[in-house]
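To start, the structure itself, in structure tokens.
FYI, it's all coordinate maths here, none of it is from the lab. Since the structure is predicted, the reported quantities are computational estimates derived from the model, not experimental observations. Note that each Cβ is placed from the backbone with ideal geometry, even for glycine, and that neighbours are counted across all protein chains shown.
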Amino acid sequence: MDRRMLIAGNWKMYTTSGEGVILIQDLTELVRDHWDSVEVVVCPPFTGLKAASTVIEIDRLTIGLGAQDVHWEDEGAFTGAIAPRMLAELRCDYVIIGHSERREYFGETDETVNRKVKATFAAGMTPIMCCGETLDTRENMETESFVRGQVVSGAADLSAEQAARLVIAYEPIWAIGTGRTPTPEAANDVCRTIRATIGAMYGPPAAMSCRILYGGSVKPENAKMFFAEPDIDGALVGGAALKADSFADVVKAAL
Ligand code: PGA
């Protein structure tokens, strides 16, 4: 099964709306020739989505747009929250769900992750569901069972067709923003476990189709090694996605 490589930039709480537009335009200049082979997605903060969506439409860019979080309800008295249909209206294609920073600082749980995953699909977008272990969990040799548990809960109650379209980002927490990474083989081992878990839940076709990204200190220098692994279908990139040239180099590493 040929899975299309996906490189998504998670801008976190960086970039104003105007800075985001410039970043997208600079990035476009650098990766324009490669859109057909690699899917490129940017995930600005909520306030930057409208301007990003407009520049993507007006300049006819083949670049995907993602949000960094969403609420699971369609609407309601949830001050500060954003509903799935609000993101769909801005032509978001993807929503990052359950990033470890959301889990750590905003009380996200596997249960809220699952609600958000289902609500994102229901609104016609694709979740990028994040999972990954702490250093303690890794040192206790519990990584695979921990991540399997996150996937079983977070990806529960989907249709097989939805599971086939799901994107899962494996991001070891100790690798995020630290410059440390697992070896590509160790990252692939966990990604293979994630794929097997989806297979056990939804059958082999879903397992073969769903895309699994590696995230955590992905840089132009190390990206190619991760992309060479059979169960790694791209990357969720933080710091290196904030500069057009380094993000473009990560994209080119996936060619
Ligand atoms: P990093 O972040 O690439 O800066 O480590 C990745 C992420 O948090 O998605």
Task: For the chain, calculated [θ]222 nm from helices alone, where every DSSP H run of n ≥ 4 adds -39500 (n - 2.57) - done: -13500 deg cm²/dmol
Task: Length added when fully stretched, Arg192-Tyr105, from 0.36 nm per residue minus Cα-Cα - done: 28.5 nm
Open item on the list: To make sure I understand the rule: partners must be aspartates and glutamates, Cα under 20 Å from the Cα of Lys12, and not fewer than 8 residues away in the same chain. Which ones qualify?
Closed with: Asp26, Glu39, Asp69, Asp93, Glu101, Glu104, Glu108, Glu133, Glu171, Asp245, Asp249
- [ ] With a ≥ b ≥ c taken as the square roots of the eigenvalues of the C-alpha gyration tensor of the stretch 47-125, please select rounded if a/c is under 1.5 and otherwise prolate if a/b is larger than b/c or oblate if it is not?
- [x] prolate
Open item on the list: Could you tell me the calculated FRET efficiency between Met13 and Glu142, based on Cβ-Cβ distance and R0 = 30 angstrom, to the nearest 0.05?
Closed with: 0.50
Task: Shape metrics for the chain, restricted to C-alpha atoms - Rg then Dmax, Å - done: 16.8, 51
Task: Local net charge near Val21, Cβ-Cβ under 14 Å (Lys/Arg +1, Asp/Glu -1) - done: -4
Task: Residue-count net charge about Ala51 - beta-carbon cut-off 15 Å; Lys, Arg +1, Asp, Glu -1 - done: -3
Task: Radius of gyration and Dmax over the Cα atoms of the stretch 128-203, both given in Å - done: 12.5, 37
- [ ] For the stretch 158-255, just say rounded, prolate or oblate: build the C-alpha gyration tensor, square-root its eigenvalues into a ≥ b ≥ c, call rounded for a/c under 1.5, and beyond that prolate if a/b exceeds b/c, oblate if not.
- [x] prolate
Task: Simple label model, 7 Å out from Cα along Cβ direction - Thr47 to Thr79, nm - done: 1.8 nm
Task: Assigned charges on the beta-carbon of Lys, Arg, Asp, Glu; the stretch 5-253 dipole about Cα centre (debye) - done: 180 debye
Task: Gyration tensor (alpha-carbon) shape descriptor, the stretch 213-255, a/c threshold 1.5 - done: prolate
Task: Pairwise centroid distance, computed over Cα atoms, of the stretch 145-214 with the stretch 49-115, Å - done: 20 Å
